[in-house]
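The values are calculated or read from the model by the stated rules, or taken from the named source; none is laboratory data. In this text, all values refer to a predicted model and were calculated from it rather than measured experimentally. Cβ sites come from the backbone with ideal geometry, for glycine too, and all protein chains shown count toward neighbours.
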Amino acid sequence: MKTQTKKIMKKSALVLALAAAIVSVTATEGMAQAKSASGTPAAGKTSSTATVTNLSVQDMGSLRFKLAFENPLRQKTKIYLLDKENNVLFDEYTYGNTQYVRAFNLSNLTDGEYSFVVETGKEKLKKDFAITTKTLRGVSLASNN
(Lines give C-alpha, C1' and ligand atoms only; values in the text may rest on other atoms or scores of the structure.)
Protein backbone atom coordinates (compact mmCIF):
# COMPACT_ATOMS: atom_id res chain seq x y z
CA MET A 1 0.00 0.00 0.00
CA LYS A 2 2.88 2.37 0.84
CA THR A 3 4.46 1.74 -2.57
CA GLN A 4 1.15 2.50 -4.30
CA THR A 5 0.80 5.76 -2.34
CA LYS A 6 4.38 6.75 -3.18
CA LYS A 7 3.75 6.12 -6.90
CA ILE A 8 0.59 8.22 -6.83
CA MET A 9 2.35 11.03 -4.96
CA LYS A 10 5.29 10.89 -7.37
CA LYS A 11 2.97 11.12 -10.43
CA SER A 12 0.99 13.94 -8.80
CA ALA A 13 4.19 15.86 -8.08
CA LEU A 14 5.36 15.29 -11.66
CA VAL A 15 2.09 16.57 -13.10
CA LEU A 16 2.14 19.62 -10.83
CA ALA A 17 5.77 20.35 -11.69
CA LEU A 18 5.00 19.98 -15.40
CA ALA A 19 1.98 22.26 -15.16
CA ALA A 20 4.03 24.85 -13.28
CA ALA A 21 6.81 24.70 -15.88
CA ILE A 22 4.63 25.24 -18.92
CA VAL A 23 5.23 28.53 -20.62
CA SER A 24 2.68 30.03 -22.97
CA VAL A 25 3.93 31.87 -26.01
CA THR A 26 1.96 33.95 -28.48
CA ALA A 27 1.73 32.75 -32.05
CA THR A 28 2.80 35.73 -34.10
CA GLU A 29 4.86 34.11 -36.80
CA GLY A 30 4.66 31.04 -38.99
CA MET A 31 5.31 27.70 -37.37
CA ALA A 32 8.84 26.33 -37.20
CA GLN A 33 9.76 22.94 -38.57
CA ALA A 34 10.17 20.30 -35.89
CA LYS A 35 12.09 17.08 -35.49
CA SER A 36 10.60 13.90 -34.14
CA ALA A 37 12.41 11.35 -32.00
CA SER A 38 13.89 9.80 -35.15
CA GLY A 39 15.42 13.15 -36.19
CA THR A 40 13.21 13.53 -39.25
CA PRO A 41 11.00 16.57 -39.74
CA ALA A 42 7.81 16.22 -37.71
CA ALA A 43 5.81 19.03 -39.32
CA GLY A 44 3.31 18.14 -41.98
CA LYS A 45 0.20 19.44 -43.62
CA THR A 46 -2.95 17.36 -43.42
CA SER A 47 -5.83 17.38 -45.88
CA SER A 48 -7.81 20.58 -46.44
CA THR A 49 -10.89 18.98 -44.82
CA ALA A 50 -8.97 18.37 -41.59
CA THR A 51 -9.68 20.65 -38.67
CA VAL A 52 -6.06 20.72 -37.47
CA THR A 53 -3.13 21.30 -39.84
CA ASN A 54 0.64 21.74 -39.62
CA LEU A 55 1.04 19.89 -36.33
CA SER A 56 4.66 20.10 -35.24
CA VAL A 57 6.81 19.39 -32.22
CA GLN A 58 10.11 21.26 -32.11
CA ASP A 59 12.99 20.39 -29.79
CA MET A 60 14.15 23.73 -28.38
CA GLY A 61 17.02 22.19 -26.38
CA SER A 62 17.40 21.74 -22.61
CA LEU A 63 14.33 19.45 -22.63
CA ARG A 64 12.05 22.24 -23.85
CA PHE A 65 9.65 21.40 -26.66
CA LYS A 66 7.37 23.64 -28.70
CA LEU A 67 4.01 22.25 -29.79
CA ALA A 68 2.30 24.14 -32.61
CA PHE A 69 -0.63 23.65 -34.96
CA GLU A 70 -3.23 25.55 -36.94
CA ASN A 71 -6.96 25.22 -36.29
CA PRO A 72 -8.57 27.16 -39.18
CA LEU A 73 -12.11 26.07 -38.21
CA ARG A 74 -11.56 27.29 -34.61
CA GLN A 75 -12.93 24.09 -33.16
CA LYS A 76 -12.70 23.03 -29.53
CA THR A 77 -9.37 21.21 -29.29
CA LYS A 78 -7.96 18.97 -26.57
CA ILE A 79 -4.19 18.84 -26.19
CA TYR A 80 -2.53 16.27 -23.99
CA LEU A 81 0.85 14.73 -23.18
CA LEU A 82 1.08 10.96 -22.69
CA ASP A 83 3.82 8.68 -21.46
CA LYS A 84 4.55 5.27 -22.99
CA GLU A 85 1.88 3.62 -20.81
CA ASN A 86 -0.72 6.19 -22.04
CA ASN A 87 -0.87 7.96 -18.67
CA VAL A 88 -2.01 11.56 -19.16
CA LEU A 89 0.69 13.88 -17.79
CA PHE A 90 -0.89 17.13 -19.03
CA ASP A 91 -4.12 18.12 -20.75
CA GLU A 92 -5.93 21.30 -21.70
CA TYR A 93 -8.61 22.57 -24.07
CA THR A 94 -8.47 25.51 -26.45
CA TYR A 95 -11.43 27.31 -27.98
CA GLY A 96 -11.72 29.70 -30.92
CA ASN A 97 -8.03 30.07 -31.76
CA THR A 98 -6.74 29.65 -35.31
CA GLN A 99 -3.20 28.96 -34.10
CA TYR A 100 -1.76 27.25 -31.04
CA VAL A 101 1.86 27.54 -29.93
CA ARG A 102 3.07 26.53 -26.50
CA ALA A 103 6.48 25.76 -25.05
CA PHE A 104 6.73 22.86 -22.62
CA ASN A 105 9.58 22.46 -20.14
CA LEU A 106 9.88 18.69 -19.74
CA SER A 107 13.09 18.63 -17.70
CA ASN A 108 11.25 16.94 -14.81
CA LEU A 109 10.40 13.89 -16.92
CA THR A 110 12.52 10.75 -16.82
CA ASP A 111 14.02 9.14 -19.90
CA GLY A 112 11.35 7.45 -21.98
CA GLU A 113 8.91 7.69 -24.86
CA TYR A 114 6.18 10.33 -24.85
CA SER A 115 3.50 11.68 -27.20
CA PHE A 116 1.71 14.96 -27.74
CA VAL A 117 -1.88 14.35 -28.88
CA VAL A 118 -4.20 16.92 -30.46
CA GLU A 119 -7.86 15.97 -30.72
CA THR A 120 -10.80 17.76 -32.33
CA GLY A 121 -14.08 15.91 -32.73
CA LYS A 122 -13.29 12.63 -34.46
CA GLU A 123 -9.83 13.74 -35.57
CA LYS A 124 -6.83 12.71 -33.47
CA LEU A 125 -3.23 13.60 -34.38
CA LYS A 126 -0.23 12.30 -32.45
CA LYS A 127 3.48 13.22 -32.42
CA ASP A 128 5.84 10.83 -30.64
CA PHE A 129 9.18 11.84 -29.15
CA ALA A 130 11.75 10.39 -26.79
CA ILE A 131 13.77 11.81 -23.92
CA THR A 132 17.16 10.15 -23.51
CA THR A 133 20.20 10.93 -21.40
CA LYS A 134 23.54 10.65 -23.15
CA THR A 135 26.82 10.42 -21.27
CA LEU A 136 30.01 11.65 -22.91
CA ARG A 137 33.31 10.31 -21.67
CA GLY A 138 36.69 11.84 -22.31
CA VAL A 139 40.27 11.90 -21.14
CA SER A 140 42.10 14.95 -19.96
CA LEU A 141 45.89 14.81 -19.58
CA ALA A 142 47.60 16.83 -16.90
CA SER A 143 50.39 19.05 -18.13
CA ASN A 144 53.86 18.38 -16.78
CA ASN A 145 55.77 21.62 -16.45
Starting from the range 79-100, take each residue that is without any contact (Cβ under 8 Å) to a residue 24 or more places away in the chain and list its partners that are among the polar types (S, T, N, Q) and not in a loop (DSSP other than H, G, I, E, B), counting only C-beta distances under 6 angstrom and pairs at least six apart or across chains.
-> THR94/THR77
If a residue has to be free of Cβ contacts under 8 Å to residues at least 60 places away in the same chain and surrounded by 17 or more Cβ atoms within 10 Å (Cβ to Cβ) to count, how many in the range 117-136 make the cut?
-> 2
What strands (runs of 3 or more DSSP E), lying completely within the range 1-109, carry at least 1 residues that are touching a His at 6+ places or on another chain (Cβ under 8 Å), surrounded by fewer than 10 Cβ atoms within 10 Å (Cβ to Cβ) and modelled with pLDDT of 50 or more?
-> none
